[in-house]
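Comments concern the structure below.
None of the figures in this text is laboratory data; all of them are computed from the coordinates on show. The structure displayed is predicted, hence computed values, not measured ones. All Cβ positions, glycine included, derive from the backbone under ideal geometry; neighbour counts span all protein chains shown.
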Amino acid sequence: MDLDGKVAIVTGASRGVGAATAVALATAGARVACAARATDATPLPTPGTLDATVRRIHEAGGDAIAVPTNLAKEEEVAAMVATTTEHFGRVDILVNNAAITFVGDLDLPMKRYDLIFDVNLRAPLVACQHVVPGMIERGEGAILNVSSMAALNYFPGLMAYGMSKIALEHMTVSLATQLAQFGIAVNTFRIDIAVASEGFVANMPDADHSRWEPSEVAAEGILWMLRQPASYTGHNEAMSILRETEGIMQSRIAHPTAPSPGTNRVNPMPFLPDSAQAPVTGVDVP
């Protein structure tokens, strides 16, 4: 897909990978609706706001709007799409990046379990339901879901988060099959290399961050997937594999960690969402 002139929604765009993706899309010529909860007027403890992301885009000559959205509320997800359509006229690209987590496994209270699934899985599905009709009408579109290595591996305290992400990947392949006939590509970008987003750093403050990639590296891979033709669909692709096979997302750290052997090629630290709701410092990671 040629990104120039396209309209994109990016969730979780107040910081980290979401903000970097919004800026990268705008730099490529797309008009971007930045969605998240944190604004200048209502900031969250983790650094970053929608307004700051929009300012970065405007200062670089791009076109973007802030769409404050609580993704745990279905009506606000619908309003996010409606606001974007009203302002820009359509939605060509949907990047489902936002996610939350709480520490806990079998002992996790169901209220928190439900909230994880509301934001990480239900919100992307609702957003798809609202953007797809317009995409079908125009005969093209791209949906990109951001996942984690926690989808394929168990990390203590992240069971529900991993469950939500593997379900998101199943949604990718299911929607890809349904929507291919309409020229709509649906793919997953699975982050399996440690990325120094604000949320990840805040949740693991005592870790060595020197070997973590900046968020812009992940954004480069997301844009690469969005630029592929509509026939490139149904892929749950790992960041490390794309780096190896496509020669993209070259490391921006001084001494990058080589990917582990095997099909997953995971970095030995889990990727946590920028909007994580609880600290996970001290998680025992294999």
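So here's what we get for this one:
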item	result
Candidates T69, T27, T42: whichever shows maximal mean-square fluctuation once the chain is modelled as a Gaussian network with Cα springs under 10 Å	T42
Kirkwood estimate for the stretch 100-148, i.e. one over the average of 1/r between Cα atoms, Å	12.7 Å
Long-range tail of P(r) for the stretch 16-79 (Cα pairs > 21 Å, %)	21 percent
The stretch 39-193: C-alpha pair distances exceeding 27 Å, %	28 percent
Most positive-pole-ward Cα, G29, A207, A60, against dipole of the chain from beta carbon charges	G29
Cα-based equivalent ellipsoid of the stretch 64-118: semi-axis lengths in Å, sorted from largest, via gyration tensor	30, 11, 8
Structure-based [θ]222 nm, the chain - -39500 (n - 2.57) summed over DSSP H runs of at least 4, per residue, nearest 500	-11500 deg cm²/dmol
Dipole of the chain, positive direction: furthest Cα of A13, N187, A218, with charges on the beta-carbon	N187
Cross-link partners of K73 among lysines (Cα-Cα below 26 Å; sequence separation of 8 or more within a chain)	K111, K165
Neighbour net charge for G29 - beta-carbon separation under 10 angstrom, K R +1, D E -1	-1
Diffusion constant of the stretch 125-174 at 4 °C, which comes from Stokes-Einstein with the Kirkwood Cα-pair radius and 1.567 mPa s, µm²/s	106 µm²/s
Cα-based helix-to-principal-axis angle, 16-27 vs the chain, degrees rounded to 10	30 degrees
Gaussian network model of the chain, Cα within-10 Å springs - most flexible of G16, G61, G221	G61
Computed log₁₀ I(q)/I(0) - Debye formula, equal Cα scatterers, no solvent, the chain, q 0.07, 0.11, 0.14 Å⁻¹	-0.22, -0.56, -0.95
Helix 159-179 axis, angle to the chain major axis (alpha carbon atoms, nearest 10°)	30 degrees
